[in-house]
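Notes for the one structure printed next.
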Amino acid sequence: MNILVLGGAGYIGSHTVYELIDKGHEVVIIDNLETGHKEAVHKKARFYEGDIRDRAFVDYVLDNEKVDAVIHFAANSLVGESMVDPLKYYDNNLCGTKVLLESMIAHDVKKIVFSSTAATYGEPERIPILEEDKTEPTNTYGETKLSMEKMFKWTDRAHGLKYVSLRYFNACGAHKSGMIGEAHKQETHLIPLILQVPLKQREAITIFGEDYDTKDGTCIRDYIHVTDLAQAHILAVEYLMKGNDSNIFNLGNGIGFTVKEVIDTARKVTKEEIKAVVSKRRAGDPAKLIASSDKAKTILGWKPEHADLEEIIADAWRWHKAHPQGFQSI
Ligand code: UFG
């Protein structure tokens with residue numbers, strides 16, 4: 001198939017491109033490199049640098065390339081930033097998607113797989129979280145992703161543009177080849193921050209709160225390997241290409257780990273002490289987020305292959321040790 005990947009130079013986007021190319025698909029990438037990295041662009045993909053808010057640019061790419069389906073990762077995704085600069089999130093995530101959809105309709109491209117998030121749920125009403133549970137985001141990032149889902153729903157109703165929305169839980173790990181991994185200019189995620197300690201880039205990892213109602217008082221999350229996420233995107237494209245209807249799926253392992261358990265596992269993997277200090281809660285963090293991914297398993301035939309937290313952290317560690325400055329050190 002010919003797949004257009006928006007945000008294909010970013011963390012989850014680049015891993016998905018690697019898996020697509022591995023399976024023999026033709027890949028075209030659009031990325032504005034605001035948070036993505038040129039070095040993460042697969043050599044066999046055709047790369048267009050530009051912004052999806054630019055209609056003439058998106059039209060140009062779709063005029064030039066034969067595209068069967070789109071996978072859309074191009075968005076801002078920092079929860080904290082979204083609370084201090086909400087309009088940036090509305091502009092990039094929503095206006096960008098609107099322009100993209102207009103161009104897709106004009107070019108008769110009618111299938112899209114889209115990265116959504118567990119942040120669409122907000123504070124969960126039950127664990128594990130099911131797709132039909134209430135969606136009440138507690139931050140602008142989650143709100144824009146939920147609005148994007150609704151934009152797809154109404155566009156499908158009017159134009160028959162079919163979509164799959166994939167709600168990820170905590171993406172982590174790195175490609176087995178060691179060629180690509182997580183490299184955010186502004187790092188906020190737990191596992192890469194923990195690994196900065198043995199890399200001597202940070203003295204200690206800060207635990208945001210140990211007074212939650214969980215077994216050791218720290219927050220519980222569902223950590224899912226980025227390569228397993230990548231595989232789900234390919235299955236979702238295949239699902240749409242078979243003529244199936246639009247749908248929404250959670251993607252997680254269904255297993256929760258506390259922040260302290262993640263730190264302990266990182267100590268085991270790195271064989272380093274890793275100092276941890278406890279500070280107060282981070283605003284907006286739900287105590288517990290665990291996915292039910294039964295729907296993705298049943299309907300898409302998805303099966304996470306790298307669910308073991310030790311393996312996930314070992315893959316991340318291999319990448320970060322070899323690239324302590326991210327892509328700058330390649
Ligand atoms: N944490 C710490 N110390 C740190 C960083 C994080 O204790 O230095 C804790 C957080 O409080 C949280 C857990 O580690 O309990 C995981 O935090 P991350 O920032 O790695 O991930 P989040 O669960 O906050 O966010 C993830 C995705 C978001 C998505 C969200 C859905 O990264 O994109 O899940 O709730 F929106």
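The values are calculated or read from the model by the stated rules, or taken from the named source; none is laboratory data. Note that the coordinates shown come from a computational prediction; the quantities given were computed from them, not determined experimentally. In this analysis, Cβ positions are derived from the backbone assuming ideal geometry, glycine residues included, and neighbour counts consider all displayed protein chains. With ligands, DNA and RNA removed, areas are computed over all heavy atoms of the protein, side chains included. Shrake-Rupley method; radii C 1.70, N 1.55, O 1.52, S 1.80 Å.
Tell me, what is the per residue accessible area of the range 171-230 in Å², probe radius 1.4 Å? All intermediate terms of the calculation are to be shown ahead of the outcome.
Values: 2310 Å² over 60 residues.
Solvent-accessible surface per residue comes out at 39 Å².
Checking the Cα-Cα distances for Lys260/Lys280; Lys111/Lys185; Lys38/Lys185; Lys162/Lys295 against a 20 Å cut-off, the pairs over it are Lys111/Lys185.
Under 5 Å between amide hydrogens, built in the peptide plane, is the criterion, and for Ile207 it picks out Val277, Val278, Ser279 among residues at least 5 positions away or on other chains. Within the same chain, aspartates and glutamates fewer than 8 places from Lys215 are excluded, and of the rest, those with a Cα less than 17 Å from its Cα are Glu261, Asp264, Asp285. Expressed as a whole percentage, what fraction of the accessible surface of the range 1-58 belongs to carbon and sulfur atoms when a 1.4 Å probe is rolled over the protein heavy atoms? That fraction is 46 percent. Comparing Val278, Val28, Val197 in a Gaussian network model of the chain (Cα springs below 10 Å), the most mobile by mean-square fluctuation is Val278. Taking all protein chains in place and a 1.4 Å probe, what share, in percent, of the accessible surface of the range 144-299 do carbon and sulfur account for? Exposed carbon and sulfur together represent 51 percent of the surface.
Averaging the Cα positions of each part gives two centres, and for the range 135-153 and the range 1-55 these lie 24 Å apart.
For the range 195-248, state which GluC sites (Glu not before Pro) are in a DSSP loop and have at most 16 other beta carbons lying within 10 Å of their beta carbon.
On the way: sites: Glu203, Glu210, Glu238; in loops: Glu203, Glu210.
Within the range 195-248, the qualifying GluC sites (Glu not before Pro) (loop, at most 16 other Cβ atoms within 10 Å) are Glu203.
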